[in-house]
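Peer 1: There's a structure below that I have some questions on.
The values are calculated or read from the model by the stated rules, or taken from the named source; none is laboratory data. Note that the structure is a prediction, hence the values are computed from the model and not measured. Every residue, glycine among them, receives a Cβ derived from its backbone with ideal geometry; neighbour counts consider all protein chains shown. Note: areas computed on protein heavy atoms with side chains; ligands, DNA, RNA excluded. Shrake-Rupley method; radii C 1.70, N 1.55, O 1.52, S 1.80 Å.
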Amino acid sequence: MTVLAFDTSNYTTSVAAFDGAEGHNISRLLDVAPGSLGLRQSDALFSHVKRLPELTDRLFSDIGAARIEAVGVSTRPRAVEGSYMPCFLAGHSQARVLGAALGVPVYEFSHQQGHIAASLWSSEHMELMDEPHLAWHLSGGTTELLYVTPEGVSVHAEKIGGTTDISAGQLIDRTGQLLGLPFPAGKELDRLSREAVENASFRVKVSGTEFSLSGVQNKVQAYHDGRSAETAAYALRSLIGAIVAATKNALRTYPDCPVVFAGGVASNSMLREACAGLPAIFCPPQYATDNALGTAVLTWRAHYAK
């Protein structure tokens, strides 16, 4: 018995299957023109529509003749009123058509809830689905520190901190654009930063659990003198310093909470090293980035809840 799930974010097309124990996710980044910083929503939606048949064909080829019991899908960025992004319509329509054709229920979740579930499942900390904890959602469009509590088979994520302007992913991708790197720039910026010799950074002002990153972008541009590795490390150290400081401040209010890291930026190696002294939980990098497996896990929980 297997459930399927779809996630069509602004960066990645993803489909996944989950049987209650093992999961299989297939994802592919959307194509972005060199020098660009992402896609317009209309272009992202069109790309998902073209891409989904290819990925679902690959998924069904991999999992074989499984009996599909339910279908899940992420329909919006966050589980809050007014959260909307057209690119999620691609996965939503696919899920509804498939559910109707198979005569099985369709369960809807947010992209953020899927990120949290994917991180917990792949890090072997599913017990936290039923316990309060802190979570960072660090991605191209979101940098939020969340207080997460159980909500039925899923989770309720209350924003308690994060950035007040651009996201961590935006800072990384704009730094990547400065260095002539392809979009998204996270992996290549991470690689470059390991080659840096200097230990320079800009100290971001953190007020409680909130901080601004637009000033960091200006500092990175001023610091850049053609040395790509040093610039990459400078940007990442500045960003990570703010994340670590905000986390420590949050732990003063929530001293017994583990901190789960989700979203593509959570795959960064420098961030993982900087959080070594914190009660931090990191999942394998492939499940930190956008994927449909977290939504599949939530779908399984919803369908088989007693």
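Peer 1: List every residue pair whose Cβ atoms sit under 7 Å apart, with the two residues 6 or more apart in sequence or on different chains, where the first one lies in region 78-92 and is at pLDDT 95 or above and the second, anywhere, is aromatic (Phe, Trp, Tyr) and surrounded by 14 or more Cβ atoms within 10 Å (Cβ to Cβ).
Peer 2: Within 7 Å, the pairs are GLY91/PHE6.
Peer 1: Quick check, is TRP121 open to solvent by 20 Å² or more (accessible area, probe 1.4 Å) and touching a residue at least 60 places away in the same chain (Cβ under 8 Å)?
Peer 2: In short, yes.
Peer 1: Next question. Looking only at region 170-220, which residues are open to solvent by 40 Å² or more (accessible area, probe 1.4 Å), of a type in the set (A, V, I, L, M, F, W, C) and over 19 Å from LYS248 (Cβ atoms)?
Peer 2: Result: LEU178, PHE183, VAL197.
Peer 1: If a residue has to be surrounded by fewer than 18 Cβ atoms within 10 Å (Cβ to Cβ) and among the hydroxyl-bearing types (Ser, Thr, Tyr) to count, how many in region 27-55 make the cut?
Peer 2: 2
Peer 1: I want to confirm something. Restricting to region 278-306 and keeping residues that are among the aromatic types (Phe, Trp, Tyr) and touching a strand residue (DSSP E or B) at 6+ places or on another chain (Cβ under 8 Å), which single residue is surrounded by the most Cβ atoms within 10 Å (Cβ to Cβ)?
Peer 2: Here the answer is TRP300.
Peer 1: Answer yes or no as to whether ALA95 is surrounded by 15 or more Cβ atoms within 10 Å (Cβ to Cβ) and touching a helix residue (DSSP H, G or I) at 6+ places or on another chain (Cβ under 9 Å).
Peer 2: Taking the combined requirement at face value, the residue does not satisfy it.
Peer 1: If you go through region 45-74, how many residues are closer than 14 Å to LEU98 by Cβ and assigned to a strand (DSSP E or B)?
Peer 2: 6
Peer 1: Right, something else. Hey, which of the helices (runs of 4 or more DSSP H) in region 171-277, taking only ones fully inside, have at least 1 residues that are out of contact with any strand residue (DSSP E or B) (no Cβ under 8 Å at 6 or more places or on another chain) and touching a residue at least 60 places away in the same chain (Cβ under 8 Å)?
Peer 2: In region 171-277, the matching helices (runs of 4 or more DSSP H) lie at 186-193, 228-253, 269-274.
Peer 1: Just to verify a result, which residue in region 20-44, among those that are in a loop (DSSP other than H, G, I, E, B) and in contact (Cβ under 8 Å) with a residue 60 or more places away in the chain, is farthest from ALA185 (Cα to Cα)?
Peer 2: Filtering first and then ranking leaves GLY20.
Peer 1: A follow-up question, please. Are any of the residues in region 260-275 on the phi > 0 side of the Ramachandran plot, under 20 Å from the mean Cα position of the chain (by Cα) and modelled with pLDDT of 95 or more?
Peer 2: Yes, region 260-275 contains at least one residue that is on the phi > 0 side of the Ramachandran plot, under 20 Å from the mean Cα position of the chain (by Cα) and modelled with pLDDT of 95 or more.
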